[in-house]
Amino acid sequence: MGMSAVYGEVDRATSIATVHAALDAGVTLLDTGDFYAMGHNELLVGEALRTAPAGARDKALLSVKFGALRDPDGGWSGYDGRPAAVKNFAAYSLQRLGVDHIDIYRIARVDPGVPIEETVGAIAELVKAGHVRHIGLSEVGAETIRRAAATAPIADLQIEYALITRGIEESILPTVRELGIGVTAYGVLSRGLISGHFSSDRELTADDFRTMSPRFQGDNLRHNLSLVESLRAIAERKGATVAQIAIAWVLSRGEDIVPLIGARRPDRLAESLGALDLTLDADDLAAIERAVPADSAAGDRYPSAQMGSLDSER
């Protein structure tokens with residue numbers, strides 16, 4: 001997402017180089033959404049795959065979110081989970097990506113006007129037709145997960161999960177584990193907040209999502225950055241970076257949880273991949289928990305209007 005919009009200016013060549021570096025390093029999951037800059041990101045991913053070494057597409061799993069409605073000015077107009085819309089969205093995504101199938105397909109947010117059974121059922125028809133391989137979910141709560149899984153096999157749930165975002169631990173994580181559904185954890189660095197690279201005096205462009213994010217405002221930001229400094233002390237003892245500690249913590253939560261990293265540059269990608277070489281023992285994990293206890297973050301993860309669209313928060 002960040003390669004196309006939301007976090008300020010981006011460079012196309014750098015973005016494609018980062019995708020290529022990820023594929024070269026053995027990364028197998030590429031995640032996008034048809035509404036990321038209104039199709040721009042899918043075209044970018046498609047170009048990266050076309051210009052990557054032969055066989056890259058066969059190794060890469062493409063995860064695509066759909067359903068968010070946009071307007072010409074970049075505004076948001078709700079979500080559409082009607083079966084006809086699902087198939088329409090898929091047709092355009094296949095064209096933009098330049099592929100004959102999508103590996104994991106999921107609605108970005110539940111359409112409150114359409115039963116999840118109908119939306120998932122439409123994806124199941126795409127699976128049967130060969131256009132999609134697996135059905136995913138995104139930002140849904142335990143009850144919705146059960147209803148979806150009763151309709152068709154669900155491969156995984158994409159949801160925000162990080163040291164300072166741990167709401168899924170109460171009921172969502174136990175539910176997906178009971179049902180054998182994996183988790184793709186996004187926001188593991190909390191949009192850069194706990195990466196160790198963000199500072200209180202950083203100037204953000206007007207089109208940067210973080211200018212509206214409660215966790216990046218005033219006293220909330222100062223408090224949250226104090227948590228990062230506590231993490232930094234642990235990272236220094238381990239000979240690691242703050243970002244690597246945050247990613248390694250998510251990796252430690254179970255083999256059924258895959259961290260989704262939003263690196264936009266090769267150097268940030270390389271730093272993130274370093275988390276794979278970091279081992280956190282019981283003492284390390286206890287120290288991290290003391291430094292950043294559950295529910296210690298200040299501010300919601302989205303502005304109030306967007307929080308209201310999250311089935312996972314109900």
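The values are calculated or read from the model by the stated rules, or taken from the named source; none is laboratory data. Just so it is clear, the structure is predicted and the values come from calculations on it, not from any experiment. Please note: Cβ atoms are built from the backbone with ideal geometry, for glycine as well, and neighbour counts cover all protein chains shown. Side chains are part of the model used for accessible areas, which takes the heavy atoms of the whole protein and leaves out ligands, DNA and RNA. Shrake-Rupley method; radii C 1.70, N 1.55, O 1.52, S 1.80 Å.
Provide the per-residue ³J(HN,Hα) series for the stretch 181-197, in order, calculated from phi with Karplus coefficients 6.51, -1.76, 1.60 and θ = phi - 60°, each as a whole number of Hz, with x at glycine and proline positions.
Couplings: 9, x, 10, 9, 8, 9, x, 5, 9, 6, 6, x, 4, 10, 7, x, 10 Hz.
Determine ³J(HN,Hα), in whole Hz, for all residues of the stretch 293-302 in sequence, where each value follows from phi through the Karplus function 6.51 cos²θ - 1.76 cosθ + 1.60 and θ = phi - 60°; x replaces Gly and Pro.
x, 4, 6, 8, 5, 9, x, 6, 7, 9
Quick check on the chain: helices-only [θ] at 222 nm, where DSSP H runs of length 4 and up contribute -39,500 (n - 2.57) each and the sum goes over total residues. Nearest 500, please.
-12000 deg cm²/dmol
Would you list, by chain and number, the lysines whose Cα falls below 26 Å from the Cα of residue 87, excluding same-chain residues fewer than 8 positions away?
Qualifying lysines at Cα under 26 Å: 59, 65, 128.
Which of rounded, prolate or oblate describes the stretch 1-69 when judged by the alpha-carbon gyration tensor and an a/c cut-off of 1.5?
Oblate, since a/c reaches 1.5 and b/c is not below a/b.
In whole Å, what is the distance between the alpha-carbon centres of the stretch 35-59 and the stretch 6-27?
Computed from Cα coordinates, the inter-centre distance equals 10 Å.
How many percent of the accessible area of the chain is carbon or sulfur, using a 1.4 Å probe?
Reported share for carbon and sulfur atoms: 52 percent.
With every protein chain left in place, what is the accessible area per residue of the chain in square angstrom, probe 1.4 Å?
Per-residue accessible area for the chain comes out at 45 Å².
Once both axes come from the Cα atoms, what is the angle between helix 142-151 and the longest principal axis of the chain, in degrees from 0 to 90, rounded to 10?
With rounding to tens, the tilt is 30 degrees.
What Kirkwood Rh does the stretch 1-160 have if only Cα atoms enter the pairwise 1/r average? Answer in Å.
By the Kirkwood definition, the hydrodynamic radius is 16.0 Å.
What number results when the radius of gyration of the chain, computed over Cα atoms, is divided by 2.2 N^0.38 Å?
In units of the 2.2 N^0.38 Å rule of thumb, it is 0.97.
Explain nothing, just the number: relative contact order of the stretch 192-314, from Cα pairs under 8 Å at least 6 residues apart, as a whole percent.
Answer for the stretch 192-314 is 32 percent.
Around residue 7, which amide H atoms from residues at least 5 apart in sequence, or from another chain, sit under 5 Å from its own amide H, with H modelled in the peptide plane?
The answer is 209.
When the chain is fully extended, how far beyond the present Cα-Cα distance does residue 256 get from residue 226, taking 0.36 nm per residue of separation?
Answer, rounded to one decimal: 7.8 nm.
Which FRET efficiency value, to the nearest 0.05, do you get for residue 238 and residue 305 by plugging their Cβ-Cβ distance into 1/(1 + (r/R0)^6) with R0 = 30 Å?
Once the sixth-power term is evaluated, E becomes 0.15.
In percent, what relative contact order does the chain have, based on Cα pairs under 8 Å that are 6 or more apart in sequence?
RCO, the chain: 17 percent.
Please state, as a whole number in µm²/s, the translational diffusion coefficient that the Stokes-Einstein equation yields for the stretch 46-128 at 10 °C and 1.306 mPa s, with Rh defined as the Kirkwood radius across alpha carbon pairs.
Calculated translational D: 115 µm²/s.
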